[in-house]
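For reference, the structure is listed below as structure tokens.
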Amino acid sequence: MNQDAFNWLLIIMVLSGAAVFAALRFIDAGYGMLSSPGWGKKIPNKTGWLLMEAPVFVLMLLIWYFYGEGASAVTLLLFSLFMLHYLHRAFIYPLLLVGKSKMPLSIVLMGCTFNVVNAAMQGGWLFIFAPDGYYLDGLKWLSTPQFIAGILLYFTGMAINIDSDRRLRKARREGALRGESGGHYIPAGGLFRRVTSANYFGEIVEWSGFAIMCWSLPGAVFAWWTFANLVPRAASTYRKHKAANPAIIEERRLKRVFPYIY
């Protein structure tokens, strides 16, 4: 891939993110709480998450292996932070899932496709297309306002995301002990005191932080896609919860994904 092709890839991803955002305002993504029969064959959630998330980890490793010689310390740090998320998401998170839910294979394939393209964007920028010397002065870059703000947001979002997933698993285990099957819950504590999709809020904050500390267009495109995918899904989740748990929504004055705002 040359620079022109890479630039066109970024343009296409910006436009396709807008299309996804618009489509998900009217169509519920068919997995998790929004699962529906119209999405085709389903596979176990644990298998689905592994197949969907592992390719980005593997492809990023390959890009680093073939193009990472001479990479700066800052480049390798940004690469490592990206990989840290997917080490958890692909190989740890699936093992922690509670229950025997399934997700459509079509969703898995779409997620896998996006992750492969995203690896090409982020790995391509970090190891191939970033301007010469962009991340070369490590001490100077690490002391910039954008890096400091970005890494704080990144780890804050990661912590919120992991904590929210933990609270969801706990609520499901407790529901199973009560004999409830396939229930969906609004856990107590954490950001669930403010929103119904605290895990999505954490991921949006995390990748916004990554984009800021990379200070790159590919990072911003990834943050845009995270927003475009998760905000409409959070709105659909909110509607489902409001129908099933109106008292909790009212009592906590919950928003959808952004505390106090939306």
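The values are calculated or read from the model by the stated rules, or taken from the named source; none is laboratory data. Just so you know, these numbers come straight off a predicted model, no measurement behind them. FYI the Cβ positions are ideal-geometry reconstructions off the backbone, even for glycines, and counts take in every protein chain you see.
Observations
- Any hit, segment 123-133, residues being of a type in the set (Val, Ile, Thr), modelled with pLDDT of 95 or more and crowded, with 19+ Cβ neighbours inside 10 Å: no
- Residues (hydrophobic (A, V, I, L, M, F, W, C) and touching a helix residue (DSSP H, G or I) at 6+ places or on another chain (Cβ under 7 Å)) located in segment 72-90: ALA73, VAL74, LEU78, PHE79, LEU81, PHE82, MET83, LEU87, ALA90
- Residue satisfying condition, being surrounded by 15 or more Cβ atoms within 10 Å (Cβ to Cβ), free of Cβ contacts under 8 Å to residues at least 12 places away in the same chain and of a type in the set (A, V, I, L, M), within set ALA220, ALA247: ALA220
- Top-ranked residue of segment 118-155 - restricted to ones that are of a type in the set (S, T, N, Q) and within 24 Å of the chain's Cα centre (by Cα), ranked as nearest to SER216 (Cα to Cα): GLN122
- Among the candidates MET60, MET110, the residue that is under 19 Å from the mean Cα position of the chain (by Cα), among the aliphatic types (A, V, I, L, M) and under 22 Å from ILE151 (Cβ atoms) is uniquely MET60.
- Subset of segment 59-73 [buried (at least 16 other Cβ atoms within 10 Å of the Cβ) and either aromatic (Phe, Trp, Tyr) or touching a His at 6+ places or on another chain (Cβ under 9 Å) (or both)]: TRP64
Residue-wise test of (1) charged (D, E, K, R); (2) under 30 Å from PHE129 (Cα atoms).
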position	(1), (2)
ALA188	no, no
GLY219	no, yes
TRP224	no, yes
ARG239	yes, no
ALA244	no, no
PRO259	no, no
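- Candidate set: segment 74-103, residues that are under 24 Å from ASP28 (Cβ atoms) and more than 16 Å from the chain's Cα centre (by Cα); chosen: the one surrounded by the most Cβ atoms within 10 Å (Cβ to Cβ): MET103
- The residues on offer are SER106, SER36, and the sole one that is surrounded by fewer than 14 Cβ atoms within 10 Å (Cβ to Cβ), at pLDDT below 95 and either hydroxyl-bearing (Ser, Thr, Tyr) or farther than 25 Å from HIS241 by Cβ (or both) is SER36.
- Residues of segment 63-75 that turn out to be part of a helix (DSSP H, G or I) and either among the basic types (Lys, Arg) or free of Cβ contacts under 8 Å to residues at least 12 places away in the same chain (or both), as a count: 2
- Selection status of LYS46, among the basic types (Lys, Arg), in contact (Cβ under 8 Å) with a residue 24 or more places away in the chain and either part of a helix (DSSP H, G or I) or surrounded by 15 or more Cβ atoms within 10 Å (Cβ to Cβ) (or both): yes
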